[in-house]
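These notes concern the structure reproduced below.
Since every read-out is calculated from the coordinates, none of them should be taken as a lab result. All values reported here derive from a predicted model rather than from experimental measurement. Neighbour counts run over all protein chains shown; Cβ positions are idealised from the backbone, glycine included.
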Amino acid sequence: MSGSLSIINATIFDGVNGDLVEGSVHVADGRITAVGGGAPADADRVLDARGRTVLPGLIDAHCHAYGIDLNMLSLESRPLSYVALAAAKRLAGALRRGFTTVRDPSGGDAGLDRAVREGLIPSPRYLWTGAALSQTGGHGDVRAADSDVCGCNAHTVEVVDGVDPLRVAVRDRLRRGAHAIKIMASGGVVSLTDPIRIPQYSPEEIRAVTSEAARRGSYVAAHAYSPEAIRHAVANGVRTIEHGNLLDADTASLMAAEGAFLVPTLAAYDAMDRRGDALGMPPVSQRKNREVLDAGRRAVELARAAGVRVGFGTDLMGVLEEEQLQGLRLQVEVDGVATALQSATSVNAALIGRDDLGRVAPGCVADLLIIDGNPFEDASVLWAGPANRTVVQAGTVVS
């Protein structure tokens, strides 16, 4: 984080304003010191960005480092040492694509967090929740209906029932340094025994989780698809709704009134629809995926119409992680370039409580993405892949 960097002759998207500006970005000791003007004579490094665009480093608010397999039981039964090594590779890939911060809402732990902070592995800034909390028979219960095995390792999900056990689970995650808490508040696509629409956890159980998190200055993210599950979560204190594909207008209005965020994950459904057969997804999961696939785009439109703050996430499990940049394509198709980029930068920064991220402005952390071309003229440069981009993390060129 020491030293200085100047990026000159750039087209700049600041993460907030839709109008691009021409100029330079100056960095010292890991933070942006000025935007505009020429290169300081004493900059340690100067990058000429003529013909390129500087963006804030991208933020993926739903990225699973430990999500190394589409089969939840297989994932949970692997040794954590193996899962963590595979996670390191996934995080490095995300950084190369230009994601300088990721939020992991179903996995991670203090050990992986420490390895990232100490620079033992190349990684985006890593915000983790630990294993998501699920009720018995909920989205995080990995067992089939006729199975008596126990998915007990809890790398990404943990089955916890009852108010007092949930309080203990939340307190322990926050003790260990979790950024936020994740609950499963409705059925899901890859789980085998839970209908997608039915709300999960009782009001008392959800309030136990949200009150514990709030007292520590944290918040709760909820996996929820249906209007009834979303209302159930938001009414009991949940701050971010993950997925939300079956959202309706009335529920969107409630979210806006409560200040809740929507984190759409369009990339996951698109990828599973195209590749699920080849990857051996069970028929029940493929049916569930078709139910929510097209609805996800409409949910974003309804949320925006109601004034809900809409972030950006991908939720890609197993080999589907390589589709991460396609999430930008899908959100651009719904929102347009400027709004989609705001979601993946400044809106997500507000979601995680970091106003010094997601912007190209003096005082902000110098997490930057420099891409060939101008995405406002040709949006495809956003998802063209790592070869067309330079990634700067805290003022240091890392890719």
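For Arg176 and Glu118, the FRET efficiency from 1/(1 + (r/R0)^6), where r spans their Cβ atoms and R0 equals 22 Å, is about 0.85.
Length gained on full extension, Arg215 to Glu258, computed as 0.36 nm times the residue gap minus the Cα-Cα distance: 13.7 nm. Electrostatic bookkeeping for Gly307 treats Lys and Arg as +1 and Asp and Glu as -1; over the other residues with beta carbon under 14 Å from its beta carbon, the sum is -1. Model label sites at Ala295 and Asp356, defined 7 Å from Cα along the beta-carbon direction, differ in position by 4.1 nm. For the pair Asp164 and Ile198, a Förster radius of 30 Å applied to the C-beta separation gives a FRET efficiency near 0.80, rounded to the nearest 0.05. When DSSP beta bridges are restricted to pairs lying wholly in the chain, around 45% turn out antiparallel.
The Cβ shell under 13 Å around Gln342 holds other residues with a net charge of 0, Lys and Arg each +1, Asp and Glu each -1. Across the range 256-273, coupling constants 3J(HN,Hα) worked out from phi with the 6.51/-1.76/1.60 Karplus curve, θ = phi - 60°, read 4, 5, 8, x, 7, 9, 10, 10, x, 10, 4, 4, 5, 6, 4, 5, 5, 5 Hz, and Gly and Pro carry x. Given their separation in residues at 0.36 nm each and the Cα-Cα distance between them, Val16 and Val319 gain 105.8 nm when the chain is fully extended. Sorted largest first, the spans of the alpha carbon positions of the range 37-165 along the three principal axes are 68, 29, 26 Å.
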